[in-house]
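One structure below.
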Ligand SMILES: Cc1cc2nc3c(=O)[nH]c(=O)nc-3n(C[C@H](O)[C@H](O)[C@H](O)COP(=O)(O)OP(=O)(O)OC[C@H]3O[C@@H](n4cnc5c(N)ncnc54)[C@H](O)[C@@H]3O)c2cc1C
């Protein structure tokens with residue numbers, strides 16, 4: 001189906017509208033710094049802020065203009081969960097699994113505290129999240145998942161089809177789980193605030209400056225960049241899905257996968273309330289999942305991916321529009337004003353990772369869920385490198401390379417097709 005595009009439609013990011021980012025440092029790169037952070041998303045900015053607050057002379061390199069990466073393009077869902085629930089994590093990783101679950105919750109608390117204590121204006125609200133069964137065949141699994149979370153003390157409820165009617169204006173879901181402990185924010189406003197805080201703490205943020213090579217040297221590293229060479233005692237790579245040739249070992253461990261979002265015209269308030277009476281964050285249970293929410297300005301933002309292969313924003317918009325009408329047919333005749341995409345960093349075990357190659361530290365692997373985790377991981381890794389705290393539990397996970405990496409452009413679309421087949425069959 002071809003999406004109904006409004007007169008105002010453009011392939012651009014809704015969240016960028018009206019948001020102002022601080023100026024990049026106009027001075028040339030210094031020849032040396034205590035710390036160089038590569039990547040100006042939530043993770044890199046949070047690491048740079050923390051290093052600067054701890055008294056380090058800190059330089060952040062961002063390849064593009066500030067505010068271009070996934071951190072300003074996401075769904076804004078602040079989710080304190082990994083793909084696996086608390087008991088499955090313990091089953092897979094023993095005590096490490098318990099600590100991973102604690103850390104992702106600590107990350108959520110960190111983001112809420114940051115927004116509250118630093119007065120960040122990013123439309124934050126503790127909205128809760130509905131995880132919706134895409135088929136009757138997964139209802140028992142969802143019931144057990146809800147029980148698993150309740151056993152670990154979380155405020156999580158299984159909802160049958162009747163209970164769902166007060167939560168969502170859609171009849172296509174036979175059941176769902178309500179996670180009360182989920183928030184929503186305006187991603188670009190949050191990102192711009194993190195950028196201001198990093199600069200305010202004394203970090204020097206250089207936009208349009210790509211790091212191209214790292215060479216280990218005694219007592220640190222030397223980085224080649226598009227703005228010249230810089231030496232550093234410590235290097236932290238926070239490039240997430242954009243793992244390029246900078247650290248070849250990292251590139252072999254991260255698979256960038258596109259995710260796309262459309263946003264409708266501003267809805268009539270009664271229509272918005274009929275779709276999502278409580279403003280929940282919505283996610284369905286498919287492998288190629290869909291996610292959607294009301295925006296602070298009263299639109300429906302609907303995201304997902306059609307495949308794991310290369311996809312244009314235009315074809316993703318058509319696919320998402322059709323998916324949106326399947327879930328909410330009451331939106332028939334409503335146009336879309338915005339469509340955009342970005343890359344998420346997938347890993348083999350679908351877990352975030354923290355590690356070190358040579359003298360360079362890195363963190364990556366949001367696997368589509370990094371709004372809560374990445375700001376905390378960036379900050380925590382910085383304070384661990386400084387020596388103030390232990391390294392995050394995520395650094396204890398084995399970070400395996402992607403199998404048959406050289407052929408990934410051939411097998412990735414096939415995996416996507418397999419996921420779509422499984423989604424249809426379950
Ligand atoms: C469409 C979409 C929807 C999403 N929805 C959600 C959601 O609702 N909830 C959720 O929790 N997560 C979501 N995510 C994931 C979330 O956005 C990410 O986990 C998070 O933003 C990652 O932050 P980051 O700082 O690690 O990476 P990024 O924000 O991607 O920042 C990395 C930066 O590194 C820069 N860079 C790369 N290479 C170099 C280099 N060589 N030199 C200098 N700079 C470089 C890039 O330009 C980029 O700005 C979504 C992602 C996408 C794309």
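Any residue in region 159-178 that is within 20 Å of residue 293 (Cα to Cα), in a loop (DSSP other than H, G, I, E, B), within 16 Å of the ligand (Cβ to nearest atom) and touching a strand residue (DSSP E or B) at 6+ places or on another chain (Cβ under 7 Å)? No, that holds for no residue. Could you tell me whether region 11-22 includes any residue that is away from the ligand (no atom under 16 Å from the Cβ) and either closer than 18 Å to residue 375 by Cα or buried (at least 19 other Cβ atoms within 10 Å of the Cβ) (or both)? Checking region 11-22: not a single residue is away from the ligand (no atom under 16 Å from the Cβ) and either closer than 18 Å to residue 375 by Cα or buried (at least 19 other Cβ atoms within 10 Å of the Cβ) (or both). Annotation for region 136-154: no member residue is over 30 Å from residue 422 (Cα atoms) and either in contact with a strand residue (DSSP E or B) (Cβ under 8 Å, 6 or more places away or on another chain) or in the same structural domain as residue 366 (by TED's automatic domain parsing) (or both).
Can we say residue 223 is within 12 Å of the ligand (Cβ to nearest atom) and either touching a residue at least 60 places away in the same chain (Cβ under 8 Å) or outside any strand (DSSP E or B) (or both)? Criteria met by residue 223. Restricting region 384-407 to residues that are under 22 Å from the mean Cα position of the chain (by Cα) and assigned to a helix (DSSP H, G or I) leaves a set whose member that is nearest to the ligand (Cβ to nearest atom) is 394.
Can you work out which of the residues in region 204-220 that are surrounded by fewer than 22 Cβ atoms within 10 Å (Cβ to Cβ) and more than 10 Å from the ligand (Cβ to nearest atom) is farthest from the chain's Cα centre (by Cα)? Across region 204-220, the extreme among qualifying residues is 218.
Quick check on my filter: what residues within region 267-278 are in a loop (DSSP other than H, G, I, E, B) and free of Cβ contacts under 8 Å to residues at least 60 places away in the same chain? 268 - this is the single residue of region 267-278 that is in a loop (DSSP other than H, G, I, E, B) and free of Cβ contacts under 8 Å to residues at least 60 places away in the same chain. Taken residue by residue, region 357-369 has no member that is in the same structural domain as residue 247 (by TED's automatic domain parsing), part of a helix (DSSP H, G or I) and surrounded by fewer than 16 Cβ atoms within 10 Å (Cβ to Cβ). The condition (being buried (at least 20 other Cβ atoms within 10 Å of the Cβ) and not assigned by TED's automatic domain parsing to the domain that holds residue 38) is satisfied by just one residue among 89, 102: 89.
Could you list, in sequence order, the residues of region 239-266 that are within 9 Å of the ligand (Cβ to nearest atom), surrounded by fewer than 20 Cβ atoms within 10 Å (Cβ to Cβ) and within 27 Å of residue 297 (Cβ to Cβ)? The one that is within 9 Å of the ligand (Cβ to nearest atom), surrounded by fewer than 20 Cβ atoms within 10 Å (Cβ to Cβ) and within 27 Å of residue 297 (Cβ to Cβ): 258.
Just one of the listed residues (304, 341) is closer than 22 Å to residue 122 by Cβ and within 17 Å of the chain's Cα centre (by Cα), and it is 341.
Take the residues of region 279-315 that are within 11 Å of the ligand (Cβ to nearest atom) and assigned to a loop (DSSP other than H, G, I, E, B): which is surrounded by the fewest Cβ atoms within 10 Å (Cβ to Cβ)? Checked region 279-315; the qualifying residue surrounded by the fewest Cβ atoms within 10 Å (Cβ to Cβ) is 289.
For region 38-64, filtered to residues that are surrounded by fewer than 24 Cβ atoms within 10 Å (Cβ to Cβ) and more than 9 Å from the ligand (Cβ to nearest atom), the residue that is farthest from residue 376 (Cα to Cα) is 57.
The values are calculated or read from the model by the stated rules, or taken from the named source; none is laboratory data. Since the model is a prediction, treat every value here as computed from it, not as a measurement. All Cβ positions, even for glycine, are placed from backbone atoms using ideal geometry, and neighbour counts span all protein chains on display.
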